[in-house]
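S.K.: Got a structure here, written out as structure tokens. Questions coming.
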Amino acid sequence: MGNAAVLNNTSTSSTAQNILCYDPEDVSSNGYKVRNPLKFPAPLMVFQLSVISLTSLLIDAGLKPLGQPSLVAQVLGGIIFGPSLLGHLESVRETMFPTRGVMALETAATFGVLFNLFAIGVECDSKRMFRPGKKAIIIGVTVMFTSLGSTMALAMLIKHFVVMDPLLAKALPIVAASQCVIGFPNVCSLLKEMQLLNTDQGRLATSSAMFCDIIGLTLASVGFIKLQLEKEHTMAQKLGSIVSPLILVIFTVFSIRPAIKKTLRLRPEEKPVGENYFVCVLILVLLYVLTAETVGQHYLFGSLVLGMAIPEGPPLGAALIRKLHYPVGKVLYPVFLTTSGLKTDIFTIHFKSLWVIALLVLFGVLVKIVIMMIITRYTGLTIQDSVILGLILNARGICDVVFFNLWRVSQALSDEHFAVAIMLSVVLVMVIITPLIRFLFRALEQQAPTMRRTIQHSKPDSELRILVCVHDLQSVPTMVNLLEASNATEQSPIGVIALVLIELVGRAAPLLITYNHSQGAIPQDASISLQIINALRQYELAFESCVTLQPFTDITHYELMPEDICRLALDQNATIMILPFHKHWEIDGSIGTVSRAIQTINTKVLRKAPCSVGILVDRGILKGSMATLSNQGNIYHVAVVYIGGPDDAESLAYGARMARHKNVSITIIRFLMFGYDNARERKLDNSLIEAVRYENSTNENFVYEEHVTRDGVGLSASLRGLEDRFDLIVVGRHHEDSPLLVGLGAWSECPELGVVGDFLASTDIGFTASILVVQQQRIRGKWTSRTMKPVVNNQDGQYPDMNNAINNGISTPRVSISSDHPRWEITIDRTN
């Protein structure tokens, strides 16, 4: 006789029970030719997991163009196979999701939500939870308790004035209380999918949600203690129910967390976390789940408390998140959401229950938005930001689904009201608020300021503000050389905004760290940033009278970094930003490492940058010396390649500034096409170049060259001739479809560098010079006019003939600088 198991039937009333008999030795079939595999637990469970995952992926792919989150797809996948749709057919229900398979599927779902909440706890920054900031506390406490009081008051009014059955009256307070939930997992999951975690509104929402989680977790624990007290009879048992959860938390904070930190400190830093650490943590999770159940708390309490005790970020937190991401986040956790959809039966819903709960849910959503708008004077937010934040705080997710499942199991919610709550409070709310948040963010982006932030259009002797982005130590010396060559003076100082880019791993919320001279403790995964910042600090100290440094560290996902870079450039009023190239050279000239993530970042920043952009191709290691310019004592040779266009005008303006440095030798190399003449373009280019030549007429370190070529072949040959002559070559990214470039872009590997920049950065030509590819600021996708302002300003009549020459568009050979000037060369390609 097989063993018997008593299960709740998920497709009928929550009070109904089925007694099933099964043979514990008959778990798997011997093949479809012998017996139907779906009649046995193991193949049935594998089939269910496969169908659930595949269906969720297909629905998610269909809803992505509509801007819907994955949560909606996963719950809808369960609803499709549940009694609401396909599960209503007996043949489908008995074949795919029979009652005998419920226990195994529910067990998989339990492990999915258990380890998912553990991972969420690992990603949480415990310091930010308890010290979220004054603004986050005001928002969290006000919105949470005001929405709780308002929705509970409305629920009481509805119960008083509307005639309803006892089950609905019992469910109303529960649904009302659920509307005040501001869960960090809900908010973080939504913002991560929408790539809004690193926005100002996203950071404030996550901080507020973290603080609300402390309140919510405390209230939930008190609730479970109260339920446990009702079951206990003696005073000792009641006292144990109260004290045991507190002992578990205290033991975790003062014993488990310090022990884990000490163990990690003892391991060699250069070695990754071993498998033994991972296995021990998993065993510890199971022990905590058992302990939580033993002391009368829900098993999720144990997994979440332990997760928050694990140090976030590398080495352990990041390793755990990587290992749990796919098996838990992509397979087991969606099973939990799908099983919630399987329990949803729309045929049990009555119209009165539908409109009453819908009114309560809609009121709860609106209350949060209205409260955010009311407290704007205390938060300093605009009305539009407040509406966005109110919508974000209405995010639904795992917290709500767990909440409704717990009350369904305790029979506080019937199947009817559980179905209404899942459909309205979770699915419908997410379907509505997600596109609204996207729409409002796009409206904010269209209101971005359109001020000119270029070197060419900067005021004379104004501060040059440069945002430098660094993601490793290797590129620091070349970056410092570029900053030194930029010629900081007391009349025209340089403000350096340094942004260290670090990938977010093992954390839920991104961090943007601001440093000062008395910086305290920082996260362990940001420790490399201190080395980079200290190196840049030496540059500041060497030129302390004319250089200021404001360092930042951005710890976020690679796909979110472009937003942080552009926003920081806008906030700090940067004139130009310097981005790292995605390839690194080895000392033998070969390519060492390639980061496609950095390439994607550069491409996105070029599209939406609020200022001019430079991509620095660092080949400093090929020179055999990584010394900075101030320590070399030699001349730093810089070439500016000029073909034409706004980007080359910006490069020329940058080169003109460098030419004022006593240790920098500047060579302007202009390429012209033989037999091709656009009078208007030639006049504009002449005007810009003449200004630079006039300014450097007495500069012995200034060279001007003209190369006249017939086609792209001649241009490539001339560019190859620059080999080993320079330390840095500056070139514009785009050249307005110049005929000189025909054929050069056919084999472009890095389109973000442009045709010429990609050619110079290629490993085939064997250059050792670093390359700076410059793009002038685009305003709403369009170039600024390079005729608006010359690259050199004629102040106080310093060059009396310059303005006449510029206005008349005098050609190069007729300027006041004699043709026999030792620093002026013309090369003509005479090949047929």
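The values are calculated or read from the model by the stated rules, or taken from the named source; none is laboratory data. As the structure is a prediction and not an experimental result, all values here were calculated from the model. Heads up, the Cβs are rebuilt from the backbone with ideal geometry, glycines too, and the neighbour counts pull from every protein chain shown. Each accessible area value is taken on the protein alone, full model and side chains, heavy atoms only, with ligands, DNA and RNA left out. Shrake-Rupley method; radii C 1.70, N 1.55, O 1.52, S 1.80 Å.
S.K.: From the residues in the range 98-118 that are of a type outside the set (K, R) and open to solvent by 30 Å² or more (accessible area, probe 1.4 Å), which one is farthest from Y299 (Cα to Cα)? Give the steps one after another, and end with the answer.
M.R.: Initial filter on the range 98-118 (of a type outside the set (K, R)): 98-99, 101-118.
Cutting the leftovers down to open to solvent by 30 Å² or more (accessible area, probe 1.4 Å) gives us 99, 103-104, 106-107, 110-111.
Numbers: T99: 25, M103: 17, A104: 18, E106: 15, T107: 13, T110: 10, F111: 10 Å.
Checked the range 98-118; the qualifying residue farthest from Y299 (Cα to Cα) is T99.
S.K.: Let me ask something additional. Considering only residues that are open to solvent by 30 Å² or more (accessible area, probe 1.4 Å) and touching a residue at least 24 places away in the same chain (Cβ under 8 Å), which ones fall in the range 75-93?
M.R.: Selection gives L76, I80, H88, R93.
S.K.: A further question on this structure: Any residue at all in the range 469-488 that's in contact (Cβ under 8 Å) with a residue 60 or more places away in the chain, buried (at least 22 other Cβ atoms within 10 Å of the Cβ), part of a strand (DSSP E or B) and within 22 Å of the chain's Cα centre (by Cα)?
M.R.: yes
S.K.: Any residue at all in the range 67-75 that is at pLDDT below 85 and assigned by the TED database to the domain that holds F301?
M.R.: Here is the first cut: in the range 67-75, the ones at pLDDT below 85 are 67.
Still in the running and assigned by the TED database to the domain that holds F301: 67.
Checking the range 67-75: at least one residue is at pLDDT below 85 and assigned by the TED database to the domain that holds F301.
S.K.: Of (1) open to solvent by 40 Å² or more (accessible area, probe 1.4 Å); (2) at positive phi, G133 satisfies all except one. Which?
M.R.: (1)
S.K.: Spot the failing condition for L413; the list is (1) more than 28 Å from Q572 (Cα to Cα); (2) surrounded by fewer than 23 Cβ atoms within 10 Å (Cβ to Cβ), and only one is missed.
M.R.: Going through the list (1) more than 28 Å from Q572 (Cα to Cα); (2) surrounded by fewer than 23 Cβ atoms within 10 Å (Cβ to Cβ), L413 breaks only (2).
S.K.: Does the range 736-745 include one or more residues that are at pLDDT 80 or above and in the same structural domain as T603 (by the TED database)?
M.R.: no
S.K.: Could you identify the single residue in I375, I388, I422 that is in contact with an Asp or Glu (Cβ under 9 Å, 6 or more places away or on another chain) and touching a residue at least 40 places away in the same chain (Cβ under 8 Å)? Spell out the reasoning first.
M.R.: Details: I375 fails: in contact with an Asp or Glu (Cβ under 9 Å, 6 or more places away or on another chain); I388 fails: in contact with an Asp or Glu (Cβ under 9 Å, 6 or more places away or on another chain).
Of I375, I388, I422, the one residue that is in contact with an Asp or Glu (Cβ under 9 Å, 6 or more places away or on another chain) and touching a residue at least 40 places away in the same chain (Cβ under 8 Å) is I422.
Rundown of residues vs (1) farther than 23 Å from L482 by Cα; (2) among the acidic types (D, E); (3) not in a loop (DSSP other than H, G, I, E, B), yes/no style:
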residue: E563; (1), (2), (3): yes, yes, yes
residue: L570; (1), (2), (3): no, no, yes
residue: H584; (1), (2), (3): no, no, yes
residue: I587; (1), (2), (3): no, no, no
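S.K.: Which residues, taken from the range 347-371, are open to solvent by less than 20 Å² (accessible area, probe 1.4 Å) and modelled with pLDDT under 90?
M.R.: Correct list: S353 only.
S.K.: Does L381 fit the bill of being modelled with pLDDT of 90 or more and either over 22 Å from G77 (Cβ atoms) or open to solvent by 10 Å² or more (accessible area, probe 1.4 Å) (or both)?
M.R.: Working: modelled with pLDDT of 90 or more: no; either over 22 Å from G77 (Cβ atoms) or open to solvent by 10 Å² or more (accessible area, probe 1.4 Å) (or both): yes.
The answer is no for L381.
S.K.: Kindly indicate which of S56, S84 is modelled with pLDDT of 60 or more and touching an Asp or Glu at 6+ places or on another chain (Cβ under 9 Å). Can you show your working first?
M.R.: Values: S56 fails: touching an Asp or Glu at 6+ places or on another chain (Cβ under 9 Å).
Sole residue among the options that is modelled with pLDDT of 60 or more and touching an Asp or Glu at 6+ places or on another chain (Cβ under 9 Å): S84.
S.K.: In the range 528-544, which residue that is of a type in the set (G, A, S) and touching a residue at least 60 places away in the same chain (Cβ under 8 Å) is most open to solvent (accessible area, probe 1.4 Å)?
M.R.: Filtering the range 528-544 down to residues of a type in the set (G, A, S) leaves 529, 535, 542.
Applying the additional criterion that residues be touching a residue at least 60 places away in the same chain (Cβ under 8 Å) yields 535, 542.
Details: A535: 37, A542: 68 Å².
Applying the filter and picking the extreme gives A542.
For every residue, the table says whether it meets (1) out of contact with any helix residue (DSSP H, G or I) (no Cβ under 9 Å at 6 or more places or on another chain); (2) assigned to a helix (DSSP H, G or I).
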{"residue": "R265", "(1), (2)": "yes, yes"}
{"residue": "V279", "(1), (2)": "yes, yes"}
{"residue": "L284", "(1), (2)": "no, yes"}
{"residue": "Y288", "(1), (2)": "no, yes"}
{"residue": "E312", "(1), (2)": "no, no"}
{"residue": "L320", "(1), (2)": "no, yes"}
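S.K.: Separate question: Counting just the residues of the range 132-151 that are outside any loop (DSSP other than H, G, I, E, B) and of a type in the set (G, A, S), which one comes out nearest to S178 (Cα to Cα)?
M.R.: Applying the first criterion (outside any loop (DSSP other than H, G, I, E, B)) to the range 132-151 yields 134-151.
Going one step further and asking which of them are of a type in the set (G, A, S), we end up with 136, 140, 147, 149-150.
On the way: A136: 21, G140: 15, S147: 10, G149: 12, S150: 12 Å.
Step by step, filter the range 132-151, then rank; the result is S147.
S.K.: Looking at the range 275-293, I want the residues that are touching a residue at least 12 places away in the same chain (Cβ under 8 Å) and have a partner that is of a type in the set (K, R) and open to solvent by less than 90 Å² (accessible area, probe 1.4 Å) with Cβ atoms under 9 Å, at least 6 apart or on another chain. Which pairs are those?
M.R.: Y277/R267; F278/K323
S.K.: Given the options L424, L389, L428, name the one that is open to solvent by less than 10 Å² (accessible area, probe 1.4 Å) and either of a type outside the set (G, A, S) or closer than 25 Å to G121 by Cβ (or both). Explain how you work it out, then say what you get.
M.R.: Values: L424 fails: open to solvent by less than 10 Å² (accessible area, probe 1.4 Å); L428 fails: open to solvent by less than 10 Å² (accessible area, probe 1.4 Å).
Of the residues listed, the single one that is open to solvent by less than 10 Å² (accessible area, probe 1.4 Å) and either of a type outside the set (G, A, S) or closer than 25 Å to G121 by Cβ (or both) is L389.
S.K.: Need at least 3 residues that are free of Cβ contacts under 8 Å to residues at least 60 places away in the same chain and closer than 27 Å to L616 by Cβ per element, so show me which strands (runs of 3 or more DSSP E) inside the range 635-712 make the cut, counting only ones lying wholly within it.
M.R.: Numbers: elements: 636-642, 664-673, 702-709.
So the answer is 664-673.
S.K.: Hey, another quick one. Have a look at T434, T338, T344 and point out the one that is in contact (Cβ under 8 Å) with a residue 12 or more places away in the chain, open to solvent by less than 10 Å² (accessible area, probe 1.4 Å), of a type in the set (V, I, T) and not in a helix (DSSP H, G or I).
M.R.: Sole residue among the options that is in contact (Cβ under 8 Å) with a residue 12 or more places away in the chain, open to solvent by less than 10 Å² (accessible area, probe 1.4 Å), of a type in the set (V, I, T) and not in a helix (DSSP H, G or I): T344.
S.K.: Within the range 329-376, how many residues are of a type in the set (F, W, Y) and over 25 Å from F161 (Cα atoms)?
M.R.: Matching residues across the range 329-376 total 3.
Residue-wise test of (1) under 17 Å from A318 (Cβ atoms); (2) of a type outside the set (S, T, Y); (3) crowded, with 17+ Cβ neighbours inside 10 Å.
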{"residue": "S244", "(1), (2), (3)": "no, no, yes"}
{"residue": "L248", "(1), (2), (3)": "no, yes, yes"}
{"residue": "V253", "(1), (2), (3)": "no, yes, no"}
{"residue": "P268", "(1), (2), (3)": "yes, yes, no"}
{"residue": "V273", "(1), (2), (3)": "yes, yes, yes"}
{"residue": "L282", "(1), (2), (3)": "yes, yes, no"}
{"residue": "V289", "(1), (2), (3)": "no, yes, yes"}
{"residue": "A292", "(1), (2), (3)": "no, yes, yes"}
{"residue": "V295", "(1), (2), (3)": "no, yes, yes"}
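Condition check ((1) at positive phi; (2) more than 17 Å from the chain's Cα centre (by Cα); (3) not hydroxyl-bearing (S, T, Y)) across all residues:
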| position | (1), (2), (3) |
| --- | --- |
| L560 | no, no, yes |
| R567 | no, no, yes |
| Q572 | no, yes, yes |
| T575 | no, yes, no |
| I578 | no, yes, yes |
| H584 | no, yes, yes |
| R596 | no, no, yes |
| A609 | no, no, yes |
| I615 | no, yes, yes |
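S.K.: Does M164 qualify as being among the hydrophobic types (A, V, I, L, M, F, W, C), under 19 Å from L413 (Cα atoms), touching a Cys at 6+ places or on another chain (Cβ under 9 Å) and surrounded by fewer than 20 Cβ atoms within 10 Å (Cβ to Cβ)? Break it down into steps so the answer makes sense when it comes.
M.R.: Working: among the hydrophobic types (A, V, I, L, M, F, W, C): yes; under 19 Å from L413 (Cα atoms): yes; touching a Cys at 6+ places or on another chain (Cβ under 9 Å): no; surrounded by fewer than 20 Cβ atoms within 10 Å (Cβ to Cβ): yes.
For M164, the condition - among the hydrophobic types (A, V, I, L, M, F, W, C), under 19 Å from L413 (Cα atoms), touching a Cys at 6+ places or on another chain (Cβ under 9 Å) and surrounded by fewer than 20 Cβ atoms within 10 Å (Cβ to Cβ) - is not met.
S.K.: Could you list, in sequence order, the residues of the range 326-343 that are within 25 Å of the chain's Cα centre (by Cα) and charged (D, E, K, R)?
M.R.: Result: K330, single match.
S.K.: Is it true that S303 is closer than 21 Å to H417 by Cα, in the same structural domain as S84 (by the TED database), among the polar types (S, T, N, Q) and open to solvent by less than 30 Å² (accessible area, probe 1.4 Å)?
M.R.: Considered against the rule, which asks whether it is closer than 21 Å to H417 by Cα, in the same structural domain as S84 (by the TED database), among the polar types (S, T, N, Q) and open to solvent by less than 30 Å² (accessible area, probe 1.4 Å), S303 comes out as no.
S.K.: Then there's this: So K459 fits all but one of (1) out of contact with any strand residue (DSSP E or B) (no Cβ under 6 Å at 6 or more places or on another chain); (2) outside any helix (DSSP H, G or I); (3) charged (D, E, K, R); (4) crowded, with 17+ Cβ neighbours inside 10 Å; what number is the exception?
M.R.: With respect to (1) out of contact with any strand residue (DSSP E or B) (no Cβ under 6 Å at 6 or more places or on another chain); (2) outside any helix (DSSP H, G or I); (3) charged (D, E, K, R); (4) crowded, with 17+ Cβ neighbours inside 10 Å, K459 is out only on (4).
S.K.: Still on this structure: Between L197, L217, L204, which is open to solvent by less than 10 Å² (accessible area, probe 1.4 Å) and hydrophobic (A, V, I, L, M, F, W, C)? Don't jump to the end; show me each part of the working.
M.R.: On the way: L217 fails: open to solvent by less than 10 Å² (accessible area, probe 1.4 Å); L204 fails: open to solvent by less than 10 Å² (accessible area, probe 1.4 Å).
L197 is the lone residue from the list that is open to solvent by less than 10 Å² (accessible area, probe 1.4 Å) and hydrophobic (A, V, I, L, M, F, W, C).
S.K.: Can you find even one residue in the range 312-330 that is in contact with a Leu (Cβ under 8 Å, 6 or more places away or on another chain) and at pLDDT below 85? Explain how you work it out, then say what you get.
M.R.: Initial filter on the range 312-330 (in contact with a Leu (Cβ under 8 Å, 6 or more places away or on another chain)): 315-316.
Filter once more, keeping what is at pLDDT below 85: 315-316.
Checked the range 312-330: at least one residue is in contact with a Leu (Cβ under 8 Å, 6 or more places away or on another chain) and at pLDDT below 85.
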